[in-house]
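Worksheet for the structure shown next.
What follows draws every value from the coordinates through simple rules; no lab data is involved. Predicted, not measured: the structure shown is a model, and the values here were computed from it. Here Cβ is always computed from backbone atoms with ideal geometry, including for glycine, and neighbour counts include all displayed protein chains.
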Amino acid sequence: MTTSRKQDIILAGVGGQGILSIAFVIDSAALKEGFNVKQAEVHGMAQRGGAVQSHLRLSKDRIYSDLIPRGEADLILSVEPLEALRYLDFLRPGGKLITSSTPFVNIPDYPDKDALIGQVRRVPGSVVIDSEALAKEAGTSKAQNTVMLGAAAKDLVVGEDGLREFIRVLFAPRGEKILESNLKAFELGRRAAL
Amino acid sequence: MTKEILLGDEAVALGAVHAGLTAGYSYPGTPASEIMEYLVRAARRAKTFVAAWSVNEKTAFEEALGVSFAGRRALVSMKHVGLNVAADPFMSAALTGVGGGFVVVVADDPGMHSSQNEQDSRFYAQFAQIPCYEPADHQEAYDMTREAFDLSERINIPVMIRLVTRLSHSRAGVETGEARPQNGLRYGDRQCWTLLPMNARAQFKRLLELQPELIKISEGSRFNNLELNPADRSLGVIASGIAHNYVLENFRDGANKPSILKVATYPVPEELIKRLVAHVDKVLVAEEGYPLIERSLKGFYGIPGKTLIGKLSGHIPLAGELSPESVRAALGMKPLERQAPSEFKPAGRPPQLCIGCPHADTFKALNKALEGQAKSNVFSDIGCYTLGYFPPYSAINTCVCMGASVGMAKGAAEAGVFPAVAVIGDSTFGHSGITALLSAAAYNTNMVVIVLDNCTVAMTGGQPTFTSGDRLLKIVEGVGVPKEHIRVITPLPKFHEQNIRVMKEEIAHPGLSVIVAVRECLEEARKKNKRE
């Protein structure tokens, strides 16, 4: 956890990867800790396997714009490496980039993976996580989003217990097994980023 | 007071419920769908009001108008282009007036995230000469909706709420108030509601005479806000709706803030604008959508002795969505420092059909059936299947508006196109395809209509369809398509050859054929399984 009066986060990924689930966990936890929250998301056509992003703004002060201005984002958290690069110009100088290294290839001109990761590494302090391996270890490859949430935990302005609480709220209705996998995915992601 | 996290769409819906809504109607369309989604869920719990999906926006509007006629509060919601479909009752409802408060919620899609154009519904409100609210945030979306019902009842005309994608699909905390009870039943006056010319003239006169009062009401609205900077007269900013957020975002530290007028209600609050303009040398107008306020200020001659900038002057792009950056540039501020973009431009990732989607199998078969037909054309429609435009299918040549596929195929066939094929989803067919098919059947036009029946409104999240399965087949037969040329296929890889054959046979038939490709949307089937 980091302490600040505000945090602007770009969540990135591909439609279906569970970006909105991560957003739900972070902003529910933030609201409980007394932050104001605005969360801009993508619905409709773009969701069908297209590039999706969510602008998540947390602040103790009033939040005006639903969109994060370019140069204001404190963090880009991406479940997919190509998508991490799409929003680089939103990041403020000194802002952090945390991304999965697992490509989601559904376009013919997908770039070389090593070149991609090379671009990610150009951002000082960037963190690259093998979300696919960790999610499988946790019990389901679908939990890559939760792995990435865990990987970002120490850089968020909300506490880890709050994140765990809302992971429970989100996944408990889907059964014990899915909940356990996601809690484990969160832990594995968290440790991988330490 | 309780605080809830809501989408902008949901804030409107909850505002309506708390305003004593008796019934709400809608047709799905991004970014408006979540209004009715919320109402349907809330109605299921409360069981005290009606929330129903309609066959199209015109029907939805008329259903809501009937509720209002009966003295009770009604809401109709739709996306911007949906108002084109409902434009007929919309324009005349301004003349009939209302019984119970009547609120028309229209969600515009600047930037065309999920739409075929980016028309600005405020012009429709201006056209119909009715008031319009434009919320800047979620709290306003809730508060304005409540107020809109009261205003509508008080001045006896429909009131519009104009949303944009960024507010519709953004979440934030909303403080809600006590719910108001519903109105009792009360019938409309037949003289007002029967728009025979003699009555309509009187009603139109009433609407025209109401206009000065509407301007006064707008000028006095608590949602507009004028802040003059006495120390600096160089610049004044007029910002409406979400554009106001982008302006304030750039003065978050409070320093060097120019005079700012926030416009939240229409007709344009003239007096407030005059006061701002009188105070400053240069005026910037920032508004999401088309330059409505700016154009009214500019007129033919501009503002004598002052500089006016905005979209018309090129300081803000005319097309697309505003952003904190585009407004910042227009304010003459230098861009924020930021991380350099990556060295290569990330490849685009357009949306695409899901793996295993039934539409994919239909398009594969259709492409095969049309092989060697150099002059063939496939007229498509609005839905997931519009994604058949992209490789590897590249199967369609048009997409214009709901239902256009059938009418365009008929026209093209009559112009000499062969084979002329229309591809339309089951819900889109119910929305606007039936009348066009009736016309094609009346002329027995040489064309093939393929109805993609996936048993749902898929693109917008799986709302119910009214023209699927057996009812769809009965409608097709009922409008006069010969039974032997109504063919049902199952779009699955194992029936690929068979499906190509059916398509080829119907293309060869020198008259109208309808092929119904039936297979449930995978995404919906998955959701259904989860629920069971």
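What to note about this one:
- Among A:SER28, A:SER100, A:SER78: highest mean-square fluctuation, GNM of chain A, C-alpha pairs under 10 Å: A:SER28
- D by Stokes-Einstein for the range B:2-216, Kirkwood Rh over Cα pairs, 4 °C, 1.567 mPa s: 77 µm²/s.
- Fraction of the pair-distance distribution of the range B:144-189 above 16 Å, Cα-Cα pairs, percent: 59 percent
- Compared with the alpha-carbon gap, the fully stretched path from B:PHE344 to B:ALA231 is longer by 36.0 nm at 0.36 nm per residue.
- Spatial separation of Cα centroids for the range B:147-179 and the range B:499-532, in angstrom: 40 Å
- Rounded to 10°, Cα long-axis angle of helix B:404-415 versus longest principal axis of chain B: 60 degrees
- Gain in span if fully extended, B:GLU175 to B:PHE390, counting 0.36 nm per residue against the direct Cα distance: 73.0 nm
- Karplus 3J(HN,Hα) series, Hz, for the range B:28-39 with 6.51 cos²θ - 1.76 cosθ + 1.60 (x for Gly, Pro): x, x, 6, x, 9, 3, 5, 5, 6, 3, 5, 5
- Around the amide H of A:GLY50, modelled in the peptide plane, lie the amide H atoms of A:GLY15, B:GLN352, all under 5 Å away and 5 or more residues distant in sequence or on another chain.
- All Cα-Cα separations within the range B:1-99 were binned at 5 Å from zero, giving a P(r) of 3, 15, 24, 25, 20, 9, 4, 1, each value a whole percent of the pairs.
- When only Cα pairs below 8 angstrom with a gap of at least 6 residues are kept, the range B:2-216 shows a relative contact order of 29 percent.
- Given in Å, the Rg to one decimal and the Dmax to the nearest whole number for the Cα atoms of chain A are 15.4, 45.
- Note on B:LYS504: lysines with a C-alpha under 22 Å away, same-chain residues under 8 apart excluded, are B:LYS364, B:LYS368, B:LYS375, B:LYS410, B:LYS483, B:LYS494.
- The range B:188-277 - percent relative contact order, Cα under 8 Å, separation 6 or more: 35 percent
- Cα-based Lys pair tally, chain A, threshold under 14 Å, eight or more apart or on separate chains: 9
- Stretch in chain A that is longest and holds no trypsin sites (Lys or Arg not before Pro) that DSSP places in a loop and that have at most 11 other beta carbons within 10 Å: A:63-194
- Distance from the alpha carbon centroid of the range B:305-361 to that of the range B:260-292 works out to 24 angstrom.
- Fewest-first sequence of B:HIS244, B:HIS509, B:HIS113 by Cβ atoms within 10 Å of each Cβ: B:HIS509, B:HIS113, B:HIS244
- Computed over chain B, the per-residue total of -39500 (n - 2.57) for DSSP H runs of n ≥ 4 gives a 222 nm mean residue ellipticity of -12000 deg cm²/dmol, rounded to 500.
- Take the Cβ atoms of B:GLN498 and B:PHE418, set R0 to 22 Å, and the FRET efficiency comes out at 0.40.
- Taking the longest Cα principal axis of chain B as reference, the axis of helix B:358-369 is set at about 50 degrees.
- Under 28 Å of direct C-alpha separation, and excluding same-chain neighbours fewer than eight residues apart, B:LYS282 reaches these lysines: B:LYS216, B:LYS257, B:LYS262, B:LYS274, B:LYS298, B:LYS306, B:LYS311, B:LYS334.
- Taken over the Cα atoms of the range B:373-522, the convex hull encloses 106 Å³ per residue.
- Paramagnetic label zone (point 7 Å from Cα along Cα-to-C-beta, B:PHE251; backbone N under 19 Å) in the range B:295-326: B:307-311, B:316, B:323-326
- Karplus-derived HN-Hα couplings along the range B:293-308 (A = 6.51, B = -1.76, C = 1.60, θ = phi - 60°), whole Hz, x at Gly and Pro: 5, 4, 5, 5, 6, 6, x, 7, 10, x, 9, x, x, 10, 9, 10
- Highest average packing first - B:444-454, B:306-316, Cβ atoms within 10 Å: B:444-454, B:306-316
- Square roots of five times the Cα gyration tensor eigenvalues for chain B, Å: 44, 29, 22
- Sorted largest first, extent of the protein assembly as shown alpha carbons per principal axis (Å): 78, 74, 51
- Look at the alpha carbon pairs under 8 Å that are at least 6 residues apart: their mean separation over the length of the range B:296-369 gives a relative contact order of 12 percent.
- Residues whose amide H comes within less than 5 Å of that of A:ILE129, counting only those at least five positions distant or on another chain, are A:THR99, A:SER100, A:SER101 (H built at 1.01 Å from N in the peptide plane).
- Between the C-alpha center of the range A:67-94 and that of the range B:13-71 there is a gap of 38 Å.
- For B:LEU284, the residues 5 or more places off, or on other chains, whose built amide H falls under 5 Å of its own are B:GLY236, B:VAL237, B:ILE238, B:ILE309.
- Binned Cα-Cα distances of the range B:300-424, short to long, each 5 Å bin given as a whole percent: 2, 9, 13, 12, 11, 8, 8, 9, 10, 9, 6, 3, 1, 0
- Computed from phi, the 3J(HN,Hα) profile of the range A:84-97 under the Karplus parametrisation 6.51, -1.76, 1.60 (θ = phi - 60°) reads 4, 7, 4, 10, 3, 6, 7, 6, 6, x, x, x, 10, 10 Hz, with x in place of Gly and Pro.
- Cut-off 19 Å, label 7 Å out along Cα→Cβ of B:THR490, residues of the range B:336-354 by amide N: none
- The antiparallel fraction among DSSP beta bridges confined to the protein assembly as shown stands at about 30%.
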